[in-house]
Amino acid sequence: MSKALTLLLLLAMCVQLIKPLGCPGLRQRRDFWKIAVFAIVVMMATVLLRP
């Protein structure tokens, strides 16, 4: 599941660079870093929650 989530977030970052998603906070191309920060937080939470 974590690999699928990683691929989905990478795809969202690529799409954001090509054509902005238009969501609040993601209206400009340079906002792709926000997706990267979210991905890092999600991956850290996954590592911490796994036994």
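Identify all residues within region 18-29 that are assigned to a helix (DSSP H, G or I) and surrounded by fewer than 10 Cβ atoms within 10 Å (Cβ to Cβ); write none if there are none. Spell out how you get there, then give the answer.
Keep residues of region 18-29 that are assigned to a helix (DSSP H, G or I), which gives 18, 29.
Ile18 - this is the single residue of region 18-29 that is assigned to a helix (DSSP H, G or I) and surrounded by fewer than 10 Cβ atoms within 10 Å (Cβ to Cβ).
Does at least one position in region 4-25 carry a residue that is over 14 Å from the mean Cα position of the chain (by Cα) and among the basic types (Lys, Arg)?
Looking only at region 4-25, we keep the residues that are over 14 Å from the mean Cα position of the chain (by Cα), and these are 18-19, 22, 24.
This time we only want the ones that are among the basic types (Lys, Arg), so: 19.
Checked against the condition, which is being over 14 Å from the mean Cα position of the chain (by Cα) and among the basic types (Lys, Arg), region 4-25 yields at least one hit.
Restricting the search to region 37-51, which residues are aliphatic (A, V, I, L, M) and in contact (Cβ under 8 Å) with a residue 24 or more places away in the chain? First the steps, then the outcome.
Here is the first cut: in region 37-51, the residues aliphatic (A, V, I, L, M) are 37, 39-45, 47-49.
Across region 37-51, the qualifying residues are Ala39, Val42, Met43.
If you check Val42, Val47, Val37, Val15, which single one turns out to be open to solvent by less than 40 Å² (accessible area, probe 1.4 Å) and β-branched (Val, Ile, Thr)? Don't jump to the end; show me each part of the working.
Values: Val47 fails: open to solvent by less than 40 Å² (accessible area, probe 1.4 Å); Val37 fails: open to solvent by less than 40 Å² (accessible area, probe 1.4 Å); Val15 fails: open to solvent by less than 40 Å² (accessible area, probe 1.4 Å).
The unique qualifying residue is Val42.
If you go through region 26-38, how many residues are at pLDDT 80 or above, under 12 Å from the mean Cα position of the chain (by Cα) and not acidic (Asp, Glu)? Break it down stepwise before answering.
Keep residues of region 26-38 that are at pLDDT 80 or above, which gives 27-38.
Next cut, under 12 Å from the mean Cα position of the chain (by Cα) only: 31-38.
The next check asks that each one be not acidic (Asp, Glu); those that pass are 32-38.
Residues meeting the conditions: 7.
The values are calculated or read from the model by the stated rules, or taken from the named source; none is laboratory data. Keep in mind it's a predicted model, so treat the numbers as computed, not measured. So basically every Cβ, Gly included, is an ideal-geometry build from the backbone, and we count neighbours across all protein chains shown. SASA here: full protein model, heavy atoms, side chains in, ligands and nucleic acids out. Shrake-Rupley method; radii C 1.70, N 1.55, O 1.52, S 1.80 Å.
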